[in-house]
Amino acid sequence: MLSWSTVRERWTGFVGSFIALTLGVGVLTASLVVFVSAQPAVPDRLAGAAVIVQSPAGGEDAEAYVEYVPWSTGRAEELAASLRAVPGVAAAVPDRSFYAQLVSAGRPIGDPAAGDPLGHGWSTAALAPYRLVAGAAPSAADEVVLDAGYGLAPGDSATVLTATGPRPMRVSGTVDGPGIYVSDASAVALAPGVRAIGLVLEPAAAAETVAAAARAKIGGAGTVVAGDARTALEPEAVSRTRWLGTQLITVMVLLAAFATVFVMASTAALNAYQRRRELALLRAIGATPRQTRRLLLGEALVVGVVSSAAGAALGMLAAPWLGDLLVRAELEPAGFTPSPSLLAVGPAVLTGVVVAVTGAWAAARRAARVRPLEALRDAAVDRRAMTVPRWVFGGLCGVTGLALAVLTPMVEDGASMTTAIFSALALIVAITLFAPVVIPPALRALTLPLRRSATGEVVRENAGAAVRRTAATAGPVLLTVGFAVLILGMVKTMSPAFGGEDARALGVDVVVTADGTPGLSDTAVAGLPGTVLSGLSTQVFVNGKTPSDALGVVPGAVPVAGDAAALAAGTVVVADPRWRPGDTLRLTFADGEIVPLRVAASVPPEALPTPLLLPRDLVRQHDPSALTQTAYVRGAPVSAVPAGLGVLAQDPLTYSSNDDEDGLVWIFVLVMVGMSVGYTSIAVANTLVMATGDRRRDFRVLRLSGATNRQILRMVGTETALVVLFGTAVGFLVALPALFGIRSALAGQTGADVRLILPWPELSVVVAVCAVLALGASLLATRRTLHRVQPR
């Protein structure tokens with residue numbers, strides 16, 4: 001096969017494409033392995049229950065996370081009793097779970113996610129099933145059974161932190177699984193509401209048979225699930241964590257795909273351009289345009305198949321590392337382990353092959369139009385770099401990029417970042433397509449000071465004449481600098497903008513948040529000095545169906561102003577236009593009880609941190625595990641806040657700048673900028689090596705004209721520096737429209753002036769890396785070429 005022979009003989013020209021595509025497929029494979037593996041799972045504490053009965057689902061939006069309306073204690077016991085009578089059921093156990101953490105050395109151990117607590121009634125251990133390792137089951141209110149991994153033994157004293165505060169308890173036994181287990185009587189007080197009843201089956205019972213009988217028994221009071229359908233019980237907090245991880249994986253895949261296609265297309269175009277005399281000779285001996293296209297596409301197919309196979313192997317090796325990184329970044333739940341599958345690896349390999357062929361398609365079509373007379377050309381001068389399709393697509397991408405930049409402030413808050421990224425991508429493609437008309441005048445302007453020397457004049461004319469070579473080298477630099485300016489500038493501009501907004505809105509002296517716990521206990525809040533504004537976070541179901549977040553506050557001590565002060569016992573303040581003052585809302589609380597409340601006031605949605613404001617005592621009465629997420633202190637400095645379990649006190653500005661989401665944003669930044677620099681190192685080095693190797697005739701002419709090796713090296717180094725300077729300047733320019741759009745969006749969200757901030761130290765490092773890579777590759781390739789060039 002001619003294509004295989006060409007790749008084998010000219011392998012140095014395909015090294016960059018091979019590496020770029022291998023890394024791209026590797027990233028895609030690892031990401032897909034993680035994505036496919038990150039599917040919902042049955043909670044460990046319910047894994048031993050072959051059949052599970054769920055409480056009724058609440059919510060009207062099919063795209064939202066499903067929430068389940070809890071049964072009350074009486075209703076749960078009634079249903080459990082009826083389910084125990086189903087043939088094949090050995091036990092029907094209500095799952096009672098509540099917030100609890102073990103305290104060791106004055107600090108809470110672990111950090112349970114909201115919706116996935118560690119505290120359970122002792123009966124729940126049979127649903128895992130977890131067994132006693134030592135000691136006995138808890139029977140008294142002050143007894144507890146702990147995970148043996150905590151290192152405590154029966155008879156030891158332990159402090160367990162609950163929503164109300166720390167409780168001294170005695171360890172009655174240990175189990176071989178995670179959790180903190182209290183007596184069933186204590187669990188009823190701590191978790192009166194039940195959302196699931198697990199059925200432990202007799203050895204000979206069939207799960208589907210029991211499930212069918214259970215459905216007939218409970219009717220519409222709940223939903224019966226068995227087998228893989230039990231994954232529906234995965235806590236919402238875990239599902240949201242998986243969703244965040246998926247967003248990062250999606251961005252990685254998009255960036256890898258864009259950069260890979262960009263590099264492949266650029267390399268293929270340069271390769272075809274350098275081989276125009278060879279292709280012209282083929283045309284001269286009778287090769288048709290179709291045969292020429294088949295040759296180049298066949299070469300791309302060979303590179304694509306080999307690179308995709310290598311990339312798939314690399315991705316499978318990297319998947320566990322990526323999974324561990326996501327777990328440590330809290331973007332996947334603890335214990336997550338990715339495992340390769342054909343469903344993940346197959347699409348990655350196929351995508352790699354398609355990307356390789358697609359990247360070479362435009363170059364192959366252009367090469368097929370090479371005329372036989374091109375074989376007689378000696379000069380590497382670009383005569384007609386712009387074609388009609390190039391003008392059309394370049395113009396469309398440019399208009400699209402500018403339009404997206406203008407639309408960035410107008411889209412929803414969550415979509416502004418995505419819109420800005422696509423704006424920069426479109427502008428990068430546009431400027432790359434317009435390179436033949438942009439590069440000559442730009443380089444002539446940049447090289448004006450060089451006209452005083454002969455070497456400088458040669459540099460000036462070389463860079464302006466060989467537009468394709470210059471564009472292929474500047475493209476990867478443009479891509480990296482453009483992304484770095486966009487992403488780093490976006491993060492640096494957003495942080496102080498939102499930080500200033502939070503500080504102005506709070507108007508307090510101290511912000512107290514949880515440290516190592518999902519929230520603040522009642523004891524921690526009670527120990528705060530000054531005037532404390534806080535609320536218990538809970539979830540209720542309006543009219544028995546619609547889930548809604550709510551905040552329980554002390555009437556008269558509300559962290560908002562206006563009509564919300566009308567809150568009183570037996571009333572609710574709403575921030576939802578569907579409900580008006582005087583309406584009666586029937587709220588189902590966490591304990592499954594239904595309480596009718598009168599709407600005392602209706603305020604704008606932005607006036608409250610949650611849609612519903614309730615009396616604090618009412619929330620605590622019906623939700624024993626409710627925690628305070630944030631407490632605001634007025635009239636006392638940070639130093640006056642006493643140390644407590646899980647308490648972190650900060651001034652408002654520090655609190656605003658230490659948002660948990662900043663860590664996620666910086667992960668995005670590091671991944672995207674790091675990947676861009678990685679692709680740049682491949683593309684710049686490859687294109688410069690290819691371009692330098694093709695200049696043997698130029699170097700021979702210079703040597704015959706009297707130029708020394710040092711002068712030629714200086715000429716090539718100056719050309720490379722000019723290309724890096726051009727790519728850097730254009731990279732800044734293509735990112736600025738998107739950044740101005742982001743600034744306008746932030747100004748609209750915060751209602752204040754927002755200053756555009758460019759992180760010059762970080763950007764200088766990115767540019768320096770590009771320059772070092774480019775200069776190193778070009779000078780090393782030139783030295784190697786000069787050793788082979790002998791003047792004749």
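The values are calculated or read from the model by the stated rules, or taken from the named source; none is laboratory data. Being a predicted model, the structure only gives us computed values, none of them experimental. Cβ sites come from the backbone with ideal geometry, for glycine too, and all protein chains shown count toward neighbours.
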Give the number of residues within segment 566-598 that are in contact with a Lys or Arg (Cβ under 9 Å, 6 or more places away or on another chain) and either free of Cβ contacts under 8 Å to residues at least 60 places away in the same chain or at positive phi (or both).
14
Taking the stated definitions as given, is T29 polar (S, T, N, Q), buried (at least 21 other Cβ atoms within 10 Å of the Cβ), touching a Leu at 6+ places or on another chain (Cβ under 9 Å) and modelled with pLDDT of 85 or more?
yes
Determine which member of the set Q711, Q749 is over 21 Å from A781 (Cα atoms), modelled with pLDDT of 65 or more and not basic (K, R).
Q749
Residues that are hydrophobic (A, V, I, L, M, F, W, C) and crowded, with 21+ Cβ neighbours inside 10 Å, drawn from segment 172-198
V175, I180, V182, A187, L190, A191, V194, A196, I197
If you go through segment 719-730 one residue at a time, do you hit one that is touching a residue at least 12 places away in the same chain (Cβ under 8 Å), among the acidic types (D, E) and crowded, with 20+ Cβ neighbours inside 10 Å?
yes
Out of S744, S705, which single residue is free of Cβ contacts under 8 Å to residues at least 12 places away in the same chain and hydroxyl-bearing (S, T, Y)?
S705
How do the strands (runs of 3 or more DSSP E) wholly within segment 566-648 filter down when requiring 2 or more residues that are more than 25 Å from P108 (Cβ to Cβ) and touching a Ser or Thr at 6+ places or on another chain (Cβ under 6 Å): which remain?
594-602
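To keep it simple, each residue is scored yes or no on (1) modelled with pLDDT of 90 or more; (2) more than 26 Å from Q539 (Cβ to Cβ).
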residue	(1), (2)
A49	no, no
A57	no, no
A64	no, no
E77	yes, no
V86	yes, yes
P117	no, no
T124	yes, no
A128	no, no
A136	yes, yes
Any residue at all in segment 210-223 that is within 30 Å of A125 (Cα to Cα), at pLDDT below 85 and touching a helix residue (DSSP H, G or I) at 6+ places or on another chain (Cβ under 8 Å)?
no
What number of residues within segment 564-590 satisfy the criterion of being of a type in the set (F, W, Y) and modelled with pLDDT of 90 or more?
1
Could you please find all residues in segment 706-733 being among the small types (G, A, S) and not in a helix (DSSP H, G or I)?
G706, A707
A229 at pLDDT below 90 and outside any loop (DSSP other than H, G, I, E, B):
yes
